[in-house]
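Have a look at the structure below, then the notes.
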């Protein structure tokens with residue numbers, strides 16, 4: 001493939017594997033690679049990662065959104081993670097020989113098609129946003145499905161970029177373009193969700209915490225623990241090790257221990273090399289010193 005983009009649609013279904021199977025099968029068009037799929041029952045959310053040529057990925061994203069709209073009912077959906085649609089977000093990420101501007105154009109094309117053909121309200125976000133405030137996904141999704149459903153027809157700031165000013169059972173979807181994002185969670189050994197919320201508040205950039213970090217606190221009721229859920233929007237600014245150490249320090253201040261951490265979806269190799277440099281003080285270490293990387297480069301030569 002000469003050009004490669006990644007797309008990481010999030011679906012509001014984390015409990016019915018058969019439903020996600022149907023959505024993923026609809027997305028597997030010619031020229032699209034399935035890189036990862038994950039479900040979380042507590043969040044009631046699935047994250048699917050695909051990659052391929054721009055036009056093929058655009059078609060796959062549309063088909064996934066179409067199938068999700070047929071299978072997921074936001075009227076009955078409940079989960080810890082904020083959501084506003086059966087397909088909640090569709091971000092496009094440039095990987096190889098594709099510019100961010102091209103991903104923006106693709107996001108707007110896919111968003112327009114979703115609004116026109118599926119009659120689902122579409123909000124453009126991140127780099128594709130048409131309004132400065134809509135670069136922030138949390139602003140777009142504020143109040144979630146229920147509030148958007150109540151306000152979309154009457155509140156001007158809720159008017160979608162594409163599609164009708166009404167919300168059906170499939171909800172609304174945010175479509176955008178962005179750099180690579182690392183979804184990273186830290187689990188805490190307590191049932192007190194307020195501790196997770198307090199730590200998230202002082203961890204996220206908006207709360208005066210770590211730059212390029214978004215964070216929320218959740219209760220994972222089925223596991224009897226809580227979680228600080230983070231999006232690292234630029235790991236070169238704040239990486240996983242820094243985020244982990246920050247959350248652990250704040251938890252220890254509150255007498256709570258960290259049980260572990262987890263990735264949701266994929267992570268760039270360079271982000272792991274960054275951890276090695278920081279934790280081991282490896283001077284000048286890069287991902288190109290990894291033997292598998294050198295073998296892959298030799299194979300592509």
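Test residue 57 against the criterion of being in contact (Cβ under 8 Å) with a residue 40 or more places away in the chain, under 13 Å from the mean Cα position of the chain (by Cα) and either assigned to a strand (DSSP E or B) or more than 29 Å from residue 143 (Cβ to Cβ) (or both), and give yes or no. No, not satisfied.
Restricting 224, 115, 209, 217 to those that are closer than 30 Å to residue 54 by Cβ and in contact (Cβ under 8 Å) with a residue 12 or more places away in the chain reduces the list to 115. Residues that are assigned to a loop (DSSP other than H, G, I, E, B) and either farther than 30 Å from residue 187 by Cα or under 16 Å from the mean Cα position of the chain (by Cα) (or both) do not occur anywhere in the range 61-71. Of the set (1) touching a helix residue (DSSP H, G or I) at 6+ places or on another chain (Cβ under 9 Å); (2) part of a loop (DSSP other than H, G, I, E, B); (3) surrounded by 16 or more Cβ atoms within 10 Å (Cβ to Cβ), all apply to residue 30 but (3).
This table checks each residue for (1) touching a helix residue (DSSP H, G or I) at 6+ places or on another chain (Cβ under 7 Å); (2) assigned by TED's automatic domain parsing to the domain that holds residue 110; (3) over 25 Å from residue 267 (Cα atoms).
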position: 12; (1), (2), (3): no, yes, no
position: 15; (1), (2), (3): no, yes, no
position: 77; (1), (2), (3): no, yes, yes
position: 89; (1), (2), (3): yes, yes, no
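For the range 270-287, which residues satisfy the criterion of being loosely packed, with under 14 Cβ neighbours inside 10 Å and either within 27 Å of the chain's Cα centre (by Cα) or part of a loop (DSSP other than H, G, I, E, B) (or both)?
Across the range 270-287, the qualifying residues are 279, 281, 282, 283, 284.
Does residue 176 count as modelled with pLDDT of 95 or more, at positive phi and touching a helix residue (DSSP H, G or I) at 6+ places or on another chain (Cβ under 6 Å)? Criteria not met by residue 176. If you go through the range 213-267 and pick out every residue that is in a loop (DSSP other than H, G, I, E, B), touching a strand residue (DSSP E or B) at 6+ places or on another chain (Cβ under 8 Å) and either surrounded by 14 or more Cβ atoms within 10 Å (Cβ to Cβ) or in the same structural domain as residue 93 (by TED's automatic domain parsing) (or both), you end up with 8. Pairing residues of the range 141-166 that are on the phi > 0 side of the Ramachandran plot and without any contact (Cβ under 8 Å) to a residue 40 or more places away in the chain with residues that are in a helix (DSSP H, G or I) and crowded, with 16+ Cβ neighbours inside 10 Å, at Cβ distances under 7 Å and at least 6 apart in sequence or on separate chains, gives no pairs at all.
Of all residues in the range 288-301, those being under 23 Å from residue 237 (Cα atoms) and assigned to a helix (DSSP H, G or I) number 2. For residue 128, the requirement of being closer than 28 Å to residue 63 by Cβ, in the same structural domain as residue 82 (by TED's automatic domain parsing) and touching a helix residue (DSSP H, G or I) at 6+ places or on another chain (Cβ under 8 Å) is met.
The values are calculated or read from the model by the stated rules, or taken from the named source; none is laboratory data. Just so it is clear, the structure is predicted and the values come from calculations on it, not from any experiment. A quick note on method: Cβ atoms are made from the backbone with ideal geometry, for glycine too, and the neighbour counts reach across all protein chains shown.
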